[in-house]
């Protein structure tokens, strides 16, 4: 009887550990996908806005996706570095 109880307890612990690791991996994967989608949308938005306005207004050349994403990153660095993250 005691062996059956210990076996059952070990099985419950294994299932709980497996569920914990599965939820951690799922959370990390979901976070990475969310960050990638957000970065892509910001890059596309910047690309479209730049290519629509800047060549006509200022005579600047059109840019590609990576350049637009770089502009987003540069703007984030320039305007968000001095803020407190509280």
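Among the residues that make up the stretch 65-81, is at least one of them in contact with a helix residue (DSSP H, G or I) (Cβ under 7 Å, 6 or more places away or on another chain) and without any contact (Cβ under 8 Å) to a residue 24 or more places away in the chain?
Among the residues of the stretch 65-81, at least one is in contact with a helix residue (DSSP H, G or I) (Cβ under 7 Å, 6 or more places away or on another chain) and without any contact (Cβ under 8 Å) to a residue 24 or more places away in the chain, which makes the answer yes.
For the stretch 2-58, give me the residue count where each residue is closer than 30 Å to residue 75 by Cβ and surrounded by 10 or more Cβ atoms within 10 Å (Cβ to Cβ).
The total comes to 29.
Go through the stretch 1-57 and count every residue that is over 30 Å from residue 67 (Cβ atoms) and either assigned to a helix (DSSP H, G or I) or in contact with a strand residue (DSSP E or B) (Cβ under 7 Å, 6 or more places away or on another chain) (or both).
First pass over the stretch 1-57, keeping only residues over 30 Å from residue 67 (Cβ atoms): 1-27.
Then keep just the ones that are either assigned to a helix (DSSP H, G or I) or in contact with a strand residue (DSSP E or B) (Cβ under 7 Å, 6 or more places away or on another chain) (or both); that gives 2-27.
Residues in the stretch 1-57 being over 30 Å from residue 67 (Cβ atoms) and either assigned to a helix (DSSP H, G or I) or in contact with a strand residue (DSSP E or B) (Cβ under 7 Å, 6 or more places away or on another chain) (or both): 26 in total.
Read-outs: derived from the displayed coordinates by stated rules, not from any lab. Remember, it's a predicted structure, so these values are computed and weren't measured experimentally. Glycine gets a Cβ as well: all are built from the backbone with ideal geometry, and neighbour counts include every protein chain shown.
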